[in-house]
Amino acid sequence: MKKLLLLGFGFVLACNSSQKTVVDKAEDTKAQDWSKIYAQTITEEELKEHLFIYASDDFEGRETGKPGQKKAVAYLKNAYETMGIPAAQGDNEYFQKVPLEIGKVPEGGIKINNKPFGVGKDILTFSTASGNFSEIIYAGYGIEDGKYNDFANLDVTDKLVLIKSGEPRTEDGNYVISGTSEKSVWGNMSEALGKKSELAYAKGAKGVLYFDTENFARYKRYFDFMKTNDSGRMQLKAESSDNFTVLLNEAAATTILKNISEDHEPKSIDMPISLDIESKNSQIDSENVAAIIKGSKKPEEYLIISSHLDHIGITADNQINNGADDDGSGTVALLEIAEAFQKAVSEGNGPERSVVFLHVTGEEKGLLGSKYYTDYEPIFPLKNTVANLNIDMIGRIDPKRTGDRNYLYLIGSDKLSTELHELSEEVNKKYTNIEFDYTYNDENDPNRFYYRSDHYNFAKNNIPIIFYFNGTHDDYHKPGDTPDKINYDLLANRTRLVFHTAWEVANRANRVIVDKPVATSK
């Protein structure tokens with residue numbers, strides 16, 4: 001770690017400094033732009049030094065639960081110990097254990113009215129699904145929201161429920177739930193499957209049959225990849241249950257209800273169906289890494305800065321996916337931001353609110369580490385968490401983008417807090433002059449990046465977030481994502497942006513206001 005060169009001071013510490021009064025010192029402190037001063041500790045050289053180690057072959061692609069990921073968390077722990085930043089959980093316990101399990105690609109199939117459908121062809125699931133049923137409850141869109149309720153006259157206790165994707169519309173084409181031309185969360189492909197299944201389970205359903213042609217194609221690719229690579233679907237151990245969801249293609253769905261696309265009326269369907277699908281689970285040992293700098297005035301309010309520590313590991317032909325950009329860049333940025341805050345602390349200018357440095361595991365497996373933190377074991381109360389700044393890929397340039405190379409995609413800054421969005425813009429204008437690109441902030445963005453990184457688990461709990469992202473590139477999730485391809489000048493400037501934003505959030509008089517709470521799935 002480097003020594004700080006103090007720049008921009010408007011005074012000199014002379015031999016007669018003992019004559020300065022407390023008032024004078026306070027005035028001097030107020031006059032300084034500490035954010036600008038401590039941001040200078042973030043350098044290209046140190047980012048590069050960290051990343052060439054963290055994204056090296058020695059770390060074997062940092063796949064969740066594998067030896068390379070263990071090397072990664074050991075590296076992070078050592079970095080925080082070296083900087084003198086304590087563990088978030090106290091007692092030098094930097095690791096938050098995240099209980100995971102992995103289910104192998106399931107085998108078997110189902111019979112609908114004695115007609116067989118095999119897993120991986122006409123139906124998809126990633127867990128065990130078994131049982132014999134003589135009745136299927138068709139719940140239409142499977143929605144309960146306000147005055148609209150597909151379950152109003154249905155008893156689904158211990159039964160099999162058939163649900164389709166989408167949401168109802170009025171005769172003029174608007175969506176019933178939102179009352180506008182904009183889809184609600186129930187029509188969001190990335191969220192609706194989980195939200196509708198959870199609602200059916202909450203009402204007592206044993207299992208869900210889900211008809212969604214878009215999601216079927218998406219999960220079919222995932223299923224085929226896992227089968228080819230003899231891998232499985234990882235999940236939080238806390239979320240394992242006897243419930244199951246099975247995706248149906250059109251052939252399977254129309255065997256149950258011929259005109260399912262046009263028929264929106266919930267009903268009971270007398271039809272025999274048997275499920276005989278088996279998946280074996282094994283336990284995975286993994287962990288988040290969390291460190292904290294306690295606030296000087298408001299220690300019980302927390303700003304969380306996050307990045308994910310994992311990547312996708314080694315390919316079937318033994319090529320290492322180093323993950324330098326994804327998310328080595330975010331990881332080393334977080335270390336440099338932590339160092340800048342710690343330098344401020346060492347000189348008596350630490351943040352007023354507590355700042356938590358959270359490296360999460362299992363992002364590549366479905367945002368599992370951040371979900372465990374928010375939904376099962378938050379180290380600090382979510383109600384006292386003022387914001388989350390999430391860094392995921394900030395070291396490269398999106399080849400599809402035209403314009404200034406000094407850019408950054410910002411996602412989610414205005415979703416929950418107008419104030420956080422405006423603060424972000426002002427900080428950038430004052431310090432870094434990065435061109436903010438909000439292309440992927442569009443609710444209709446088909447990439448759905450807002451739902452694909454760890455900030456989302458904070459956002460769904462109505463915690464304001466900003467997601468910093470450079471976009472994808474040809475080396476995304478490939479062995480070519482190596483540290484020599486990182487643009488270190490951009491990485492340094494983008495890291496300073498996050499630090500400046502964090503400094504403002506941590507030191508402003510009042511916590512940022514949530515003025516646009518969004519109803520999202522848990």
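The values are calculated or read from the model by the stated rules, or taken from the named source; none is laboratory data. Just so it is clear, the model here is predicted, and its values are computed rather than measured. Here the Cβ positions follow ideal geometry from the backbone for every residue, glycine too, while neighbour counts run over all protein chains shown. Surface accessibility is based on the protein's heavy atoms, side chains included, excluding ligands, DNA and RNA. Shrake-Rupley method; radii C 1.70, N 1.55, O 1.52, S 1.80 Å.
Test Phe458 against the stated conditions and say whether it is within 15 Å of the chain's Cα centre (by Cα) and farther than 22 Å from Lys183 by Cβ.
yes
Spot the failing condition for Ala253; the list is (1) open to solvent by 40 Å² or more (accessible area, probe 1.4 Å); (2) more than 19 Å from Asn457 (Cβ to Cβ); (3) assigned to a helix (DSSP H, G or I), and only one is missed.
Among (1) open to solvent by 40 Å² or more (accessible area, probe 1.4 Å); (2) more than 19 Å from Asn457 (Cβ to Cβ); (3) assigned to a helix (DSSP H, G or I), the lone unmet condition for Ala253 is (1).
Would you call Lys297 modelled with pLDDT of 95 or more and more than 34 Å from the chain's Cα centre (by Cα)?
Against the criterion (modelled with pLDDT of 95 or more and more than 34 Å from the chain's Cα centre (by Cα)), Lys297 does not qualify.
Can you say whether Ala238 is of a type in the set (A, V, I, L, M), surrounded by fewer than 21 Cβ atoms within 10 Å (Cβ to Cβ) and free of Cβ contacts under 8 Å to residues at least 12 places away in the same chain, as far as the supplied structure shows?
Considered against the rule, which asks whether it is of a type in the set (A, V, I, L, M), surrounded by fewer than 21 Cβ atoms within 10 Å (Cβ to Cβ) and free of Cβ contacts under 8 Å to residues at least 12 places away in the same chain, Ala238 comes out as no.
Among the listed residues Ser346, Ser370, identify the single one that is over 16 Å from the mean Cα position of the chain (by Cα), farther than 18 Å from Glu300 by Cβ and among the hydroxyl-bearing types (Ser, Thr, Tyr).
From the options Ser346, Ser370, the qualifying one is Ser346.
Quick one: would you say Glu352 is closer than 13 Å to Asn390 by Cα and either open to solvent by 10 Å² or more (accessible area, probe 1.4 Å) or in contact with a strand residue (DSSP E or B) (Cβ under 9 Å, 6 or more places away or on another chain) (or both)?
Against the criterion (closer than 13 Å to Asn390 by Cα and either open to solvent by 10 Å² or more (accessible area, probe 1.4 Å) or in contact with a strand residue (DSSP E or B) (Cβ under 9 Å, 6 or more places away or on another chain) (or both)), Glu352 does not qualify.
Every residue in the stretch 501-511 that is more than 17 Å from Tyr409 (Cα to Cα) and open to solvent by less than 10 Å² (accessible area, probe 1.4 Å), please.
If the condition is that a residue be more than 17 Å from Tyr409 (Cα to Cα) and open to solvent by less than 10 Å² (accessible area, probe 1.4 Å), then Ala502, Val505, Ala506 are the ones that fit.
Quick one: in the stretch 88-142, of everything that is over 30 Å from Pro266 (Cβ atoms) and of a type in the set (D, E, K, R), which residue is surrounded by the fewest Cβ atoms within 10 Å (Cβ to Cβ)?
Asp91
Which residue is most open to solvent (accessible area, probe 1.4 Å), if the candidates are limited to the stretch 204-235 and must be under 19 Å from Ile273 (Cβ atoms) and either of a type outside the set (Gly, Ala, Ser) or without any contact (Cβ under 8 Å) to a residue 60 or more places away in the chain (or both)?
Taking the candidates together, the pick is Lys206.
Hey, which of the strands (runs of 3 or more DSSP E) in the stretch 92-210, taking only ones fully inside, have at least 3 residues that are within 32 Å of the chain's Cα centre (by Cα)?
Fully inside the stretch 92-210 and qualifying: 95-104, 160-164.
Among the residues of the stretch 227-236, are any acidic (Asp, Glu) and at pLDDT 90 or above?
The answer is no; no qualifying residue exists.
Consider the stretch 389-410. How many of its residues are under 12 Å from the mean Cα position of the chain (by Cα) and over 27 Å from Ile284 (Cα atoms)?
Looking only at that region, the number is 1.
Would you please name the residue that is surrounded by the fewest Cβ atoms within 10 Å (Cβ to Cβ), looking only at residues in the stretch 462-494 that are within 19 Å of the chain's Cα centre (by Cα) and part of a loop (DSSP other than H, G, I, E, B)?
Among those residues, the one meeting the criterion is His477.
So which residues in the stretch 299-345 are of a type in the set (D, E, K, R) and either part of a helix (DSSP H, G or I) or out of contact with any helix residue (DSSP H, G or I) (no Cβ under 9 Å at 6 or more places or on another chain) (or both)?
Scanning the stretch 299-345 gives Asp317, Asp325, Asp326, Asp327, Glu336, Glu339, Lys343.
Quick one: Asp145 ticks every box in (1) within 23 Å of Asn447 (Cβ to Cβ); (2) surrounded by 15 or more Cβ atoms within 10 Å (Cβ to Cβ) except a single one, so which number is it?
Going through the list (1) within 23 Å of Asn447 (Cβ to Cβ); (2) surrounded by 15 or more Cβ atoms within 10 Å (Cβ to Cβ), Asp145 breaks only (1).
Could you say whether any residue in the stretch 60-81 is open to solvent by 10 Å² or more (accessible area, probe 1.4 Å), within 24 Å of Ile273 (Cβ to Cβ) and assigned to a loop (DSSP other than H, G, I, E, B)?
no
Give the residue, chosen from Leu497, Leu416, that is crowded, with 20+ Cβ neighbours inside 10 Å, farther than 22 Å from Ile397 by Cα and modelled with pLDDT of 95 or more.
Leu416
Has the stretch 418-425 got at least one residue that is within 28 Å of Glu63 (Cα to Cα) and not aromatic (Phe, Trp, Tyr)?
no
Based on this model, can you work out whether Ala502 counts as closer than 19 Å to Val355 by Cα, out of contact with any His (no Cβ under 8 Å at 6 or more places or on another chain) and in a loop (DSSP other than H, G, I, E, B)?
Considered against the rule, which asks whether it is closer than 19 Å to Val355 by Cα, out of contact with any His (no Cβ under 8 Å at 6 or more places or on another chain) and in a loop (DSSP other than H, G, I, E, B), Ala502 comes out as no.
Of all the residues that make up the stretch 419-451, how many are touching a Leu at 6+ places or on another chain (Cβ under 8 Å) and either outside any helix (DSSP H, G or I) or surrounded by 21 or more Cβ atoms within 10 Å (Cβ to Cβ) (or both)?
Matching residues across the stretch 419-451 total 7.
Test Ile260 against the stated conditions and say whether it is farther than 30 Å from Asp474 by Cβ and assigned to a strand (DSSP E or B).
So Ile260 fails the test.
I'd like to check something: does the stretch 318-332 contain any residue that is at pLDDT below 95 and either open to solvent by 40 Å² or more (accessible area, probe 1.4 Å) or out of contact with any Cys (no Cβ under 8 Å at 6 or more places or on another chain) (or both)?
yes
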